[in-house]
1. Being within 21 Å of residue 24 (Cβ to Cβ) and either surrounded by 13 or more Cβ atoms within 10 Å (Cβ to Cβ) or of a type in the set (Gly, Ala, Ser) (or both): is that true of residue 77 here?
2. Just to check your reading of the model, which residue among 128, 132, 116, 111 is in contact with a strand residue (DSSP E or B) (Cβ under 7 Å, 6 or more places away or on another chain), of a type in the set (A, V, I, L, M, F, W, C) and either exposed (fewer than 12 other Cβ atoms within 10 Å of the Cβ) or more than 19 Å from residue 88 (Cβ to Cβ) (or both)?
3. Out of curiosity, is residue 23 more than 18 Å from residue 111 (Cα to Cα), at pLDDT 95 or above and more than 12 Å from the chain's Cα centre (by Cα)?
4. If a residue must be in contact with a Lys or Arg (Cβ under 6 Å, 6 or more places away or on another chain) and of a type in the set (D, E, K, R), how many such residues does the stretch 71-109 contain?
5. Look at residue 46 and say whether it is under 19 Å from residue 12 (Cα atoms) and assigned to a loop (DSSP other than H, G, I, E, B).
Amino acid sequence: MTQLIFCNADVTLMRESDLAAVLDIERQSNPHPWAESSFRDAFSSGYLCLVAREAECIVGFAIVRVLIDDAELLLIAVAPSARRTGCASALLAGVIERLSARGKSPLHLEVRRSNVGAIAFYSAKRFVHTGVRKNYYPSGVIGQPREDALLMSLSL
Ligand SMILES: CC(C)(COP(=O)(O)OP(=O)(O)OC[C@H]1O[C@@H](n2cnc3c(N)ncnc32)[C@H](O)[C@@H]1OP(=O)(O)O)[C@@H](O)C(=O)NCCC(=O)NCCS
């Protein structure tokens, strides 16, 4: 089923001047957020770094490590106030368009087993479950056990 996209965001390459807004979204979205240095490393390593920008405001971003044949979606996040309006769908469409143009497929990812919202998003986008990494993530909550990563892939 084709998803309706209501988000009016433009999806473009991330610029260094976007980093403050991106970090803000990352900290609101990820129990173990990337540090600014990790984003800078992603830039300098030539990762595909995209932002969704609505009326000059950054509302989401995606970071993809592009490999020889395939690619790995390392991060995707949308500002809490902009969720369920199609922004992540627009970002993923931007990722797929750019990877397809470069002949890269499939797109892989890892997601916490407890992240039911993200798993629902990826399933809606036809990612398929390909495996599990046991106890891969530190807990999102102090004192709780480590968490499994689910592996998912999308053929482009
Ligand atoms: C996961 C995330 C990126 C989705 O972003 P989003 O912009 O809200 O996603 P979209 O609006 O494009 O959603 C498209 C479809 O995915 C599914 N979906 C998205 N979020 C969902 C949720 N929380 N629960 C159930 N289904 C969801 C729905 O089918 C949705 O379509 P609908 O709104 O018409 O029902 C966002 O919730 C987020 O930033 N979460 C925190 C960061 C994170 O967990 N990232 C993934 C790490 S692996």
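1. Yes; evaluated as a whole, the condition is true for this residue.
2. None of the others qualify; the one that does is 132.
3. Considered against the rule, which asks whether it is more than 18 Å from residue 111 (Cα to Cα), at pLDDT 95 or above and more than 12 Å from the chain's Cα centre (by Cα), residue 23 comes out as yes.
4. Number satisfying all stated conditions: 1.
5. Against the criterion (under 19 Å from residue 12 (Cα atoms) and assigned to a loop (DSSP other than H, G, I, E, B)), residue 46 qualifies.
The values are calculated or read from the model by the stated rules, or taken from the named source; none is laboratory data. Here the structure is a predicted model, which means the values were calculated and not measured. Reconstructed Cβ throughout: ideal geometry from the backbone, glycine too, with neighbour counts over all protein chains shown.
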